[in-house]
Structure formats: C-alpha cells, structure tokens
Amino acid sequence: MEQVIANGLYLGAQYALIALGLTLIFALMNVLNFAHGQMYVLGGFVTYTIYGQLGLPFVLALACSALTLAIVGALVEKFLFRPVIKRSAREESTMLLAAAIAFLMDAIILILFGEKQRGVPKIINGVFVSDSLVMPYDRILVGVIAIAMIASFMAYMQYSRTGRAMRALAQDRVAAQLMGVNVDRYSMIGFALGALLAGVVGGLLVTITGVNSGIGGPISIKAFLMVMIGGAGVVGGAIAGGFILGMMESVGLNVLREFGDVTYLVIFVLLMVFLSLRPNGLMGKPWG
Amino acid sequence: MTNATKLLLAAACVLFLLVGVPALIAATGRNDLYYTLTSVALLSIISGGVWLTFYIGRINIGQGAFALLGGYVSAVLVTAYGISFWLTLPVAGLVCALASVLIGLPILRLRGVYFAMVTLTLTEVMRLLALAVPITNGAKGIVSIPLPGGVSLFGLTLIPDFATLENPRLAFYLASVVLMVLCFGALYRLVHSRIGHICLSLQQNEELASSIGVNIASIRVLAYAISSFLGGLGGAMFAAISQSIYPSSFTVADSVNFMLNCFLGGLHYVLGPILGTFALYFGWDLLFQTGVYQLLIFSSALIVLMLVLPNGLLSLRLPRKKGA
C-alpha cells in the first residue's frame, strides 16, 4: 500500500506541474491550449538532445528545455493567439488555432526528432529499498524537483509583482487593465510561463519514461482531465487535480490489475459522475 | 433569394452531385475519387452533428465517440445477427441518440471549455470501451463485414445488392450523397423551424431563454441527441464502406477534425460543415505527395487561414462587421 501511495505522489507531482501550465494559460487568456502535450514532448526532446546526445549536465539540459519552451510560448501568444483573439467573432475560434498549433508542433517534432522512442541515461543510479517501499533514487529526485517547482511557482504567483499582475488579470481582465496592468505583456509572460512548465516536466520525465513524438495528444487529454477535476483556471485546483489523477492511476493500476487495461475507463466514468454532481470541478469558478 | 429559387438551386446542386460528378469521373477515369468524395459526404454528415451542438452554444469534441458507437452497432448487427445493413443504419443512429440522452443529461449542464473537455474525453472512453467489451472483438476489430444487401418492396428492387454490382464504389457514393442531402435537408428545416430559433436563443443566452419559458434542458438534450444520431449514421455507413471497424477507427484526432470542419466552414451556416469537410479532406489529400511535410504544410495552412479568416470560410462573403 505504501508503494502505491508513493507512486501516486510521484506521478501526481508531475501531473500537477503539467496541469498548472494549462490552467495558467486558460485563466489568463481563456484559451484551451490543445498544444500543451506537444510542448511537453518538445521539452522532453530538448533535454534528450542536450543531456542524452551531447552529454552536457542534466541541469543545463533542463534549463534549456525551459528556455526553449518559454520562447516558443511567448512567440505563439504574440503572433498567433493575440491577433486571432482580437479579430474573431467567437472565442471558440482560438480552439481551432490551438488544434492547428498542436498539429504543427507534432509535425515539427516528427521531422526534427523522428518517431522513435528516446531515452536518456539515468541521472542517479541506485534504488531506495525499505520494508514496504522500493523506489529508484532518480524517481525520488524527479518527484522532489517537481514539488519544488510547484512550490516556487506558487510563491512566484503569490509574492512577485508579475505574479500579482497575472492573478489580477485572471480575476478580471478589464479591471486589471484599468489599474494599469499591461495586459498584452502579462498575457505573453503567462503563456510563456505555462509553456515553460510543460517543457520542464517533459525534461524531467524523459529521464524516467523516455519520450516519443506520439505522446503529445494523450498527455494533453490527461492535462484536461486534471484541470476538469480541479476546476479550470484555478491554481490550487490544478495541483489537486494532478495529485488526484496520479493517485487514481496508481491505485487503479494496482486494484484493477486482473480486469485488464480498464483503469482509465473507470477514471473517465468516475469523472462523468463527479462532473454531473459538481460541474465546476473541485474549486473552479462558475462556467469557467 | 425567394424560396423557389433556393429550392431550384438546391435541386440543381443535388442533380450535379448525383449525375454530373459520376459523369465527370467516368470521363476522366479517376475512379479513386469516388472513395474520397464518399468520405467527404459521410464526414460532413458526422460534422453536421457537431455543427448542431455548436448551434446551441456547446463545443462538441466528442463526435468520434458516437461515430465509433454507430459503426460498431451496425457492424455487430450485420455480422453477428445477419440483419440487413439498411435496417441497422437507422438503428445505429437511434442507439447513438439514446446513448447521448443518457450521457447528455448530466454533461449538458456543463458549459464552455468544461463541456469541450468532457466530450473530448468521451471519445477516449468509447475507444477504451471498444477495447474492453468482448462483443467488439477488442483491438482486432470487426473485419470483413459483408457489403450491404439489396432491398426490395413487393418484388420491386429499391436498392440492389451491393455485392453483385460491378462498381460498388459508385453505389456507395450515390448512397452517401443521398444520405448527406437528406441529413442536411433535415438540418436546414430544423434550424429554420421554431426549435431552431429556440436553439439559437440557447446559443445567445440560456438564462434569458429559460426565463421566458423555454425548457432549455430538454431542448439541448434533443439537439445533442440529433447530433449524435447523425454521428452514428455516418459511422455506420463508414464501417460498411471500409467493411471493417476498429477501436482506432475514430479517435480523438477525428473528433477534433469534425470540430475543425465546422469551424472552417463557419458556424453560422448550415452548409458550413460540408464546405469545411471538403476543404480539409481535399487539402489533406492533395498534400499527400509532400510526404513527411504533409502535416507541416497542412497545419501551417490552417494557422494562416485562422489568422486571415478567423470566422470561417463562408464568412468571406459577409460584409465586415464592426469589431469583427
């Protein structure tokens, strides 16, 4: 049982980090970022190239993943989302754009990195063994880094000037603008930050599960699930959703083992029931 | 345009699709186009369903689930019970409609991105269900489904047995076009009826509609059921044409594509899904020669299109509205 909980926590920390980026982008711009999973994959491949291929230190690779994705996110916001949001009659049009960007990133990743499953050498060797728990050290490290990232993200949003501006923007765009917040600039920073988080998780997880160009879509779906559980556009909700999904996956894989591959089916059905009772998720604002 | 000219125009289009296109294909000898055009017709039926949910103000990314369900219902009925395909076609639609009522009652309370995300996961649920349930034969799918048989009434052959035809592709094309015309005719009537206007009021403001006595819960379930009916119909026909169905026949990417078809055609026009499907499917097909760059060019074109025409292809002819 301890093993299941430890696995759940470790998965949950990664998931929460993915969901945080998605929910941040949603809260700031009301955009459902379909390309989030692809951003994760790109982050994974950047780390793979720098750490796995070139043999440079892992920390540097992770920083490069973060930087690349932040730049990609900022450019996507400035040159794609901003003009479309300004000109389209219905806000759903951004979904088409987001889907097209997801396709584009899929194509670019496929051309640049090929379709093979890629892995990198372990960052630390060895396994932690106790009476009831077996956990490789690299998983523990990745889990700890993820939790540290979540904590620093929350502190950044809470105490820094930029974070405060972004929270104001999420609460009420017009009011924030009237108070002198540069809406365009902070939307861009927010999008870059969201993409950065996706890239960091990609970089972290490539050391454990590896990465291949096809997993972007499924990762996006998982991110959507977490955001739905916690409530769209709420930081606390995304973290809760991430840990809940991680825990459910871990417990489900353990309990439902003999029924075959039905864990996600069960999770989906539970989600439907949950959402019919509580349409806004755990802590979402009404009607997102 | 008066009603009479509209009707004439529509009749001319239908005539062209049923007679003109086969004649052109026969003249040029491009028999492979039948399959492409049939797919466009069927995909636009499925997208038409998505369009209707857009019409009541919901973003539906779960149509793939119902297309898959419809395909499986028809395939199972034909292969396991030997029922005529033409009978399973409406049954598949009705099963989907029924399922969508059950699913729709809780989830239609959601709005905006919440509904979009739930429907997106719905496609994944259906795929996993198809993998897990024994009757669907798991990942191997149902293959070698017999071609649709004939239908005769009082000795008069209404639909010939497809297996005996020398060109079943043409038959499938004609059947799909007829189905498409019927579906979009019905959709057009629906949108321009009283219910259609109520749907529009739902799109604009549900609370207001509710406050003047519209039963919004039942209207949106009805619209969703019709939408899923169309999805099931298209899926069943697709299974018959490809003579096979797998859990991966309709995936999340397909669901997203159905939504894109609607967006691309423009959400204010009943015929938008047909145009959108045509443009997307043919665009994708034309780019086949470019190999690895297919997806790259395709998605770049989509992005450019969104930047230039954020409100869909059919919005071209509209005079530019203020702030639009």
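Brief remarks on what is shown
Residue-by-condition table, conditions (1) closer than 29 Å to A:MET228 by Cβ; (2) aromatic (Phe, Trp, Tyr); (3) within 14 Å of another protein chain (Cβ to nearest Cβ):
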position: A:VAL76; (1), (2), (3): yes, no, yes
position: A:PHE81; (1), (2), (3): yes, yes, yes
position: A:MET95; (1), (2), (3): yes, no, yes
position: A:LEU104; (1), (2), (3): yes, no, yes
position: A:GLU115; (1), (2), (3): no, no, yes
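- Test for A:ASN280: is it open to solvent by 60 Å² or more (accessible area, probe 1.4 Å) and either within 22 Å of A:ILE25 (Cα to Cα) or more than 18 Å from the chain's Cα centre (by Cα) (or both): no
- Where A:SER132 falls short, out of the listed (1) over 23 Å from A:ALA27 (Cβ atoms); (2) out of contact with any strand residue (DSSP E or B) (no Cβ under 9 Å at 6 or more places or on another chain); (3) without any contact (Cβ under 8 Å) to a residue 60 or more places away in the chain: (3)
- Output for segment A:232-272, where each listed residue is within 8 Å of chain B (Cβ to nearest Cβ) and under 23 Å from A:PHE26 (Cβ atoms): A:ALA232, A:TYR264, A:PHE268, A:LEU271, A:MET272
- Out of A:VAL235, A:VAL266, sole residue that is out of contact with any Lys or Arg (no Cβ under 6 Å at 6 or more places or on another chain) and farther than 30 Å from A:ARG167 by Cα: A:VAL266
- Being open to solvent by 30 Å² or more (accessible area, probe 1.4 Å), closer than 20 Å to A:THR23 by Cα and free of Cβ contacts under 8 Å to residues at least 60 places away in the same chain is a description that applies to A:SER152.
Residue-wise test of (1) buried (at least 20 other Cβ atoms within 10 Å of the Cβ); (2) under 22 Å from B:LEU68 (Cα atoms); (3) basic (Lys, Arg); (4) under 21 Å from the mean Cα position of the chain (by Cα).
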site	(1), (2), (3), (4)
B:ALA163	no, no, no, no
B:ASN167	no, no, no, no
B:CYS183	yes, yes, no, yes
B:ALA186	no, no, no, yes
B:HIS192	no, no, no, yes
B:LEU208	no, no, no, no
B:LEU230	yes, yes, no, yes
B:GLY235	yes, yes, no, yes
B:PHE238	yes, yes, no, yes
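Yes/no per residue for (1) in contact with a Phe, Trp or Tyr (Cβ under 6 Å, 6 or more places away or on another chain); (2) part of a helix (DSSP H, G or I):
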{"site": "A:MET228", "(1), (2)": "no, yes"}
{"site": "A:GLY233", "(1), (2)": "yes, no"}
{"site": "A:GLY236", "(1), (2)": "no, yes"}
{"site": "A:PHE243", "(1), (2)": "no, yes"}
{"site": "A:GLY246", "(1), (2)": "yes, yes"}
{"site": "A:TYR264", "(1), (2)": "no, yes"}
{"site": "A:VAL269", "(1), (2)": "no, yes"}
{"site": "A:SER276", "(1), (2)": "no, yes"}
{"site": "A:LEU282", "(1), (2)": "no, no"}
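- Across segment A:50-63, the qualifying residues are those that are in contact (Cβ under 8 Å) with a residue 60 or more places away in the chain and open to solvent by 10 Å² or more (accessible area, probe 1.4 Å), and the one among them that is nearest to the chain's Cα centre (by Cα) is A:LEU62.
- Helices (runs of 4 or more DSSP H) completely within segment A:36-92 that count 1 or more residues being out of contact with any Gly (no Cβ under 8 Å at 6 or more places or on another chain): A:58-76, A:82-87
- Close Cβ contacts (under 6 Å, 6 or more residues apart or on different chains) running from residues in segment B:109-125 that are more than 7 Å from chain A (Cβ to nearest Cβ) to residues that are buried (at least 24 other Cβ atoms within 10 Å of the Cβ) and of a type in the set (S, T, N, Q) comprise B:THR119/B:ASN60; B:THR123/B:SER255.
- Selection status of B:GLY149, at pLDDT below 85, small (Gly, Ala, Ser) and surrounded by 15 or more Cβ atoms within 10 Å (Cβ to Cβ): yes
The values are calculated or read from the model by the stated rules, or taken from the named source; none is laboratory data. As the structure is a computational prediction, the values presented were derived from the model and not from experiment. Glycine also receives a Cβ, built like all others from the backbone with ideal geometry; neighbour counts cover every protein chain displayed. SASA here: full protein model, heavy atoms, side chains in, ligands and nucleic acids out. Shrake-Rupley method; radii C 1.70, N 1.55, O 1.52, S 1.80 Å.
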